[in-house]
1. For residues that are in a strand (DSSP E or B) and buried (at least 22 other Cβ atoms within 10 Å of the Cβ), tally how many sit in the range 75-100.
2. What's the number of the only condition in (1) more than 27 Å from residue 209 (Cα to Cα); (2) of a type in the set (A, V, I, L, M, F, W, C); (3) at pLDDT below 90 that residue 134 fails to meet?
3. Within the range 95-126, work out how many residues are under 22 Å from the mean Cα position of the chain (by Cα) and not basic (Lys, Arg).
4. Please find, among 180, 190, 205, the residue that is touching a residue at least 40 places away in the same chain (Cβ under 8 Å), buried (at least 17 other Cβ atoms within 10 Å of the Cβ), outside the structural domain of residue 260 (by TED's automatic domain parsing) and aromatic (Phe, Trp, Tyr).
5. Here is a list: 116, 108, 103, 157. Which entry is within 18 Å of residue 180 (Cβ to Cβ) and aliphatic (A, V, I, L, M)?
6. Scan 288, 193 and give me the residue that is closer than 30 Å to residue 172 by Cβ and assigned to a strand (DSSP E or B).
7. I want to confirm something. Restricting to the range 242-285 and keeping residues that are part of a loop (DSSP other than H, G, I, E, B) and among the β-branched types (Val, Ile, Thr), which single residue is nearest to the chain's Cα centre (by Cα)?
Amino acid sequence: MEKKSLITWKDAIKLAFGIAVGLLITTICFYCFATCSDNRTRNGSARIVNSNNYGGTYQKRLVVSGVVADDYDTFGNDTIGIFKKNEKYGYYNTKKKSIVIPAKYENAWRFSEGLAGVIMNGKLGFINIKDETVIGFNYGYHESHLYEFVFRWGHCAVPNEKGLCGIIDKNGKWVIKPIYELANVASANYAIVNVKNGFKIQVDYNGNILNPHVIDEVERLTYTKNIKDVSNEEYIEYPTSYYKYKVNYNVGLMDMNGKIITQPIYHEISALDEKLFSATLKDAASIVIIDENGNVINN
């Protein structure tokens, strides 16, 4: 009697395919587990693991568990990263995967120019990589509109205890007094600060006002002419030598060299011809005509 095979060739193919798929899924799961068990997660518990070759054997040494490694505040090229454990923040070496500063601060920001802003007992101060206090915990925090404290060009925007903002240097000295709603280190030479009602001004690090209006937008003014001939009627747009500029939703008139002709006191400005303009007042209804010098020529 001929013996029948216990498995057909079709069943063998199905079995081999199932094994291959299973191995693939296992490999993917192992990779995901290994990746997630390192330090690259923000929202869940993780581990900081130091991978080394001990005696020719590749091993992973657990540095600290139950942490949140904060990729949002730690940039890809940062050597020092931020981690959170038991609702406290600390710092670790992102290359060596070793703890640099233990988790003991109420909040923390990335290191920049050798300093990092941290919160202790509800106050803001700045430490160095040795966890030494360089700038004392003399600044407010929760009362402020600021959301990060990072030094740039030797300066940092910080609030006082009342929540008003100014700029300090790396010695903790106020170079721009904390009298503004908001402040931002804009360059090596000046900061942009907000005064009342959202208006922004440009201030240098001696507190001198460089520009009473930080312009939000500039647009060249154009006007149209009706060109008629025997065959058709055409409107052609012509550019003027003047611009309207916008400051906090108000507009003013300037020339092509950036010279301010009118303050930003209008709701809208449009060109009637090369040197004549229609200006809508702030009530968004009343209109006056102004010339190239900003003079109102009708009421």
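1. Residues meeting the conditions: 6.
2. Failed condition: (3).
3. 16
4. Values: 180 fails: touching a residue at least 40 places away in the same chain (Cβ under 8 Å); 190 fails: touching a residue at least 40 places away in the same chain (Cβ under 8 Å).
205 is the lone residue from the list that is touching a residue at least 40 places away in the same chain (Cβ under 8 Å), buried (at least 17 other Cβ atoms within 10 Å of the Cβ), outside the structural domain of residue 260 (by TED's automatic domain parsing) and aromatic (Phe, Trp, Tyr).
5. 157
6. 193
7. It comes out as 265.
The values are calculated or read from the model by the stated rules, or taken from the named source; none is laboratory data. Nothing here was measured: the structure is a model prediction, and the numbers come from that model. A quick note on method: Cβ atoms are made from the backbone with ideal geometry, for glycine too, and the neighbour counts reach across all protein chains shown.
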